[in-house]
Amino acid sequence: MSDENKENNRRGHLPLEVNKLDQEKKTSLLVRVLVALAILAVIIPPIVLGGYVFFGLIFVASILAIYESIHAPRKKYKWYVWAIVYICAISFIYWSFVKWNVSSYLADKEHFVFSLENNFKAISISVYGIAVELGLLFFCAVAHEDFSMADIAYLFTMSVLMGIGMQSLLFARYYPFNTFAAAGYDVTTTSFKYWGSLVFFFYVEFTCVMTDTWAYFVGVFFGKHKMNPRVSPKKTWEGFFGGCILGGLSGLAFAMINDANGFPLLPSMIIFGPNSHWWWAVIFSFTLPVIGTLGDLSFSFIKRHFGIKDFGFIFAAHGGMLDRVDSVFFCTIFASVLAIFVDGGWNLFS
């Protein structure tokens, strides 16, 4: 310890020490940055284009995520178990499209046009689908002694989580068309289609990603106190608070800049102007980092339970699909549900 640090300690002052990075950490950091840039280059164009392009992106991501979730226990499930989970999880993800478009068709058959955006009003999973999957999984348990109650609980939980998580991503991208149109905005303009409609989606994901990013860098350079070694050995309290504060400020700044330029997050979340509800932006911005951390820890808990480091390897140092969407799932589910409640006047029965 340097003479200066000894003197600071003698006086009761604790200096803020920066952790030294060894070559392994430097290489890991560089790989993470490069892979992150490559991921962004692939996913940003479909997100901006929206429509069926984004629909296709989520479908591919869903296939990969479901595969990783079934494969995580490193157990040889029968082919029909894979089929049950895949079919049910996919049906959970896309149930809302079927539900709302069928309703629109029955209401006005002559003028019906299938739409991804206009009818997406809420997040919805079929109760019938849930009942069918539970029945089939219990049948598998009765038919095969190596298929346990733990398998039923895990596969059912992951199916529902995949359904709600992926559907919430679709909701966050398509919902603005519906709610802005209802509020009297012109949703046919190019500026709205390719930016105004995705500000809410980008805001949620940007806040989530920036929280992860700030938490990682603060943890790497200043992390001293382990947060929960049993679940996530590398997470520190310094990284957690740094990620929550800086991630929240990053998200709030993003929301304010867009709102000031005429692109509010949602009609019910305007920050500037006579109809301001600025507090929602503040609440969202500083709650999302906490929810995202819970999502990260929840998926880490699953990995520790099965003794695996990552769910997959398609993103190199970033792991698999589930390793990338863990906190994103929780953030987007939370933001989507809260947005529905805020827009609906907190009517739980709408």
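What the table shows:
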| item | result |
| --- | --- |
| Residues of region 215-229 satisfying the condition of being more than 9 Å from Gly242 (Cβ to Cβ), not hydroxyl-bearing (Ser, Thr, Tyr) and not in a loop (DSSP other than H, G, I, E, B) | Val220, Phe221, Lys226, Met227, Asn228 |
| Cβ pairs under 7 Å, 6+ apart, first in region 321-342 and under 20 Å from Trp280 (Cα atoms), second part of a helix (DSSP H, G or I) and among the acidic types (Asp, Glu) | Val328/Glu205 |
| Residue satisfying all of: in region 92-114; part of a loop (DSSP other than H, G, I, E, B) and in contact with a helix residue (DSSP H, G or I) (Cβ under 7 Å, 6 or more places away or on another chain); least open to solvent (accessible area, probe 1.4 Å) among these | Phe112 |
| Matching residues, region 65-83, being surrounded by fewer than 18 Cβ atoms within 10 Å (Cβ to Cβ) and of a type in the set (A, V, I, L, M, F, W, C) | Trp79, Trp82, Ala83 |
| Given (1) under 21 Å from Phe240 (Cα atoms); (2) open to solvent by 20 Å² or more (accessible area, probe 1.4 Å); (3) of a type outside the set (A, V, I, L, M, F, W, C), number of the condition Asn275 does not satisfy | (1) |
| Subset of region 184-200 [surrounded by fewer than 24 Cβ atoms within 10 Å (Cβ to Cβ), out of contact with any Asp or Glu (no Cβ under 9 Å at 6 or more places or on another chain) and either over 17 Å from Val48 (Cβ atoms) or not basic (Lys, Arg) (or both)] | Gly184, Tyr185, Asp186, Thr188, Thr189, Thr190, Ser191, Tyr194, Trp195, Gly196, Leu198 |
| Condition met for Ile164 (within 23 Å of the chain's Cα centre (by Cα) and either among the hydrophobic types (A, V, I, L, M, F, W, C) or surrounded by 13 or more Cβ atoms within 10 Å (Cβ to Cβ) (or both)) | yes |
| Check on Thr179, crowded, with 17+ Cβ neighbours inside 10 Å and in contact with a Gly (Cβ under 6 Å, 6 or more places away or on another chain) | no |
| All positions within region 242-272 that are part of a loop (DSSP other than H, G, I, E, B), open to solvent by 20 Å² or more (accessible area, probe 1.4 Å) and within 15 Å of Phe201 (Cα to Cα) | Phe263 |
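The values are calculated or read from the model by the stated rules, or taken from the named source; none is laboratory data. These figures come from a predicted structure and were not determined experimentally. No Cβ is skipped: glycine too gets one built from the backbone with ideal geometry, and neighbour counts run over all protein chains shown. Protein only, heavy atoms only, side chains kept; ligands, DNA and RNA dropped before computing areas. Shrake-Rupley method; radii C 1.70, N 1.55, O 1.52, S 1.80 Å.
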